[in-house]
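Asks: Would you mind keeping the following structure in view while I ask a few things?
The values are calculated or read from the model by the stated rules, or taken from the named source; none is laboratory data. Please read these numbers as outputs of a predicted model, since none were measured by experiment. Neighbour counts are summed over all protein chains in view; Cβ atoms, including those assigned to glycine, are modelled from backbone coordinates with ideal geometry.
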Amino acid sequence: MALYSDKVMDHFQNPRNVGKIEDADGIGEVGNAKCGDIMRMYLKIDDGVITDCKFNTFGCGSAIATSSMATEMIKGKKVEEALELSNKAVVEALDGLPAHKIHCSVLAEEAVKAAVKDYYDKNGIEYDQEKFKGVHNCEACEA
Ligand code: FES
């Protein structure tokens, strides 16, 4: 069996939603402690719905494929629904990843969460801190 599924190869070679949104409502930048790769996620939000999202990543093929799939999965969804997106769901939508690349998919989930948190913070929207436990937004970090 091939190491990577057709879907992973497709999203790696033709990633969807790559780029930057200049007037994004939420930006999340996260780093993968295991490999040092980083990902930035931009969200455009209208009336609580994600109308557009784009990403940039300095990461491996699995990170590119998972972020590409993640952006497809959250576009058009309510912000609260996007928050429920797990790396497991993204990996399943890609028909799996090799076990040693699962950590790459965490980057996509955390980038979405960091961007949503940024949106909440910028708009004074209250939220449950527990939902963002362990998510560090480098973009919002002053240090
Ligand atoms: Fe760094 Fe995959 S090896 S994100």
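Asks: Got at least one residue in region 55-65 being without any contact (Cβ under 8 Å) to a residue 60 or more places away in the chain, away from the ligand (no atom under 16 Å from the Cβ) and either surrounded by 23 or more Cβ atoms within 10 Å (Cβ to Cβ) or outside any helix (DSSP H, G or I) (or both)?
Replies: no
Asks: Among the numbered criteria (1) within 11 Å of the ligand (Cβ to nearest atom); (2) within 19 Å of residue 9 (Cβ to Cβ), which one does residue 103 miss?
Replies: Looking at each condition in turn, residue 103 falls short on (2).
Asks: Residues of region 22-53 being small (Gly, Ala, Ser) and surrounded by fewer than 20 Cβ atoms within 10 Å (Cβ to Cβ), which ones?
Replies: Selection gives 31, 33, 36, 48.
Asks: I would also like to ask the following. From (1) of a type outside the set (D, E, K, R); (2) within 16 Å of the ligand (Cβ to nearest atom); (3) more than 22 Å from residue 19 (Cα to Cα); (4) in a loop (DSSP other than H, G, I, E, B), pick out the condition that doesn't hold for residue 136.
Replies: Failing condition for residue 136: (3).
Asks: Among 27, 50, 21, 45, which is the only one that is at pLDDT 95 or above, away from the ligand (no atom under 15 Å from the Cβ) and in a loop (DSSP other than H, G, I, E, B)?
Replies: 21
Asks: Right, here's the next one. Only residues that are within 16 Å of the ligand (Cβ to nearest atom) and buried (at least 17 other Cβ atoms within 10 Å of the Cβ): list them for region 6-18, please.
Replies: Answer for region 6-18, where residues must be within 16 Å of the ligand (Cβ to nearest atom) and buried (at least 17 other Cβ atoms within 10 Å of the Cβ): 8, 11, 12, 15.
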